[in-house]
Amino acid sequence: MVSDKVADTPADETSPEPPRRRVFVTPSTREVPAEAGGIDTAGGEEPEELGIRTVVVGVVMIVFSLVCFVLAIGTSGSAGGVQLSDANAQEIFSLREDINAAEVAAEELPEAGDAERGLVIALQSASRIAKLQNDYRSLAPQVAAANGTLDPALTARTRQELTPYFPPSVDASVTRPWYLLKSDTSVPAGIGIPRSFDSGFRWIVDVPTTIDAQGMAPVTWRAIETNPVKGQEPTVLAWVSADYDITTSTFSDVREGTTVQGAARELEVNAR
Amino acid sequence: MSTIKTWAKAHMRPLFLGICTTVMVLGIASVAAAMSANPVADSREVEATKEQLRKERATARQTLDEKHQELLSTIGGADVERVERDSHTIRGFVLDLAATSSTSRTVRAEQISLDTRYEVLDPSSPVLTEFLPGWMASTEGAVLRLGDLEIDVAGIAGLDYSYTVTARLDPVDGGSKTQYLFVTVSTSQDGSITKVDAYRADNRSRDELLAADEAAADEEAEG
């Protein structure tokens, strides 16, 4: 018999009087321990016990609240910081990249001694490149004679010498003539030595003086006229800029530009 | 202790149900709290993270800059402060030149104006006689802004410093095209310009330079 009484009058433990509805009578001196829950096997109604219905209700509530806790943890986890919009995620990523780049650059900045040596070698290499490009000037008459085409055989040797100064990332056109002058086509071939060719322009190189924060030394070559108007600075016909990497001893990020004056006087080369 | 135990045993049911109800109420409360997780609070977290990273980036860049400045002062090539001062002067000059693209004045008026402002220029300077007319004609009133300016030391002769400058000027509106300038400048110790020559990249060269710039920008965006 399951007791369904929830609100029983509390039994006075010291009272020798038995609670109501007891089936048997206990001696007044003996204390009767109450059942600790579960079904009343004695068949009597024990107001202190938990009935099955109560237990079921309680368990349902506990299970429900466990589900709630799990849900709460789950929802708060996803609504927290993990749910980033694309724009935010990208910004955070690129911020981290910037930090890394700056730290790596600071790490890899050369020592003063290496930097100075690097600048000396940069000037040496840049001067050599200027000389090789100047060798190309004497090809102008041959280009004109071939109707604007340049026979690769004529540039083969010079290209071979220029190639090691540039990494593969630089376009191969950097090893071909940067600029040729129209008026050079009528210059006599002379004795055939490139350096004796009386060209109307020449390549000069600036002295690399600084190293930037990425460890690169900026270098600029200029094609200037050899016979300027009297009293004036020689006109710049074209320029080439590059970054010299002292660790790899190569020139990268090569940019060629032709001025308006240079374009007007340029000898067009067709075959490339 | 035994009083509590006995009391508890006597009030088993209400105690048990009381506990269960409390737990359930806590469960509901925690779900309610989680559900109503303030989106403003979350975006504040994200902003805080970004702000922290920005600070870290500024610090890292400053460290790099300091190390770089230290390196420059030790290799003893160019005087860093001199180069910086001259760079300001050069930048101002390039901007003045470029600004003539959108002027309402005549070429002659601009020539006079620049001649007056810059001591190094005189009526026969190629900058005024050759560069300026061509520049104003080819830019056709376009408003340009400085997109990129690179100033490199070209040489040091005694107290005179020489520089080569490449500048990219981008149109403010879509109507006109980017222009590239090549400028050679020399300065004396007091920072005044002693020599200057300016050139505009011809159109075909400009197209090639722009393509190279855009290719480099694409690479950086992908990388």
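Every number in this text was worked out from the coordinates using simple rules, so none of it is lab data. Just so it is clear, the model here is predicted, and its values are computed rather than measured. In this analysis, Cβ positions are derived from the backbone assuming ideal geometry, glycine residues included, and neighbour counts consider all displayed protein chains.
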Taking each residue in B:71-84, count the Cβ atoms of any other chain within 10 Å of its Cβ, then average. What number comes out? 4
What pairs from B:50/B:177; B:67/B:177; A:131/A:182; A:182/A:230 go past 28 Å between their alpha carbons? B:50/B:177; B:67/B:177
Once whole DSSP H runs in chain B are found, which of them have Cα atoms spread over 24 Å or more along the helix axis and a mean Kyte-Doolittle score of at least 0.0? B:12-35
Note down the net charge around residue A:179, summing +1 for each Lys or Arg and -1 for each Asp or Glu among other residues with Cβ under 9 Å from its Cβ. -1
Between residue A:213 and residues 5 or more places away or on another chain, which pairs have amide H atoms under 5 Å apart, with H built 1.01 Å from N, and which residues are they? none
Through the Karplus equation 6.51 cos²θ - 1.76 cosθ + 1.60, θ set to phi - 60°, convert the phi angles of the range B:141-152 into ³J(HN,Hα) values in whole Hz; use x for Gly and Pro. x, 5, 8, 10, 10, 5, x, 8, 9, 10, 10, 10
Using the Karplus curve 6.51 cos²θ - 1.76 cosθ + 1.60 with θ = phi - 60°, what ³J(HN,Hα) values do you get for each residue of the range B:162-171, in whole Hz, with x for Gly and Pro? 10, 9, 10, 10, 10, 10, 10, 10, 9, x
The size of the Cβ-based charge dipole (Lys, Arg +1; Asp, Glu -1) of the range B:83-185 about the Cα centre, to the nearest 20 debye, is 260
Residues whose built amide H sits under 5 Å from the amide H of residue B:147, excluding neighbours closer than 5 in sequence, are B:168, B:169, B:170
If you take every residue apart from residue B:140 with its C-beta less than 14 Å away from the C-beta of residue B:140, what net charge results, scoring Lys and Arg +1 and Asp and Glu -1? +1
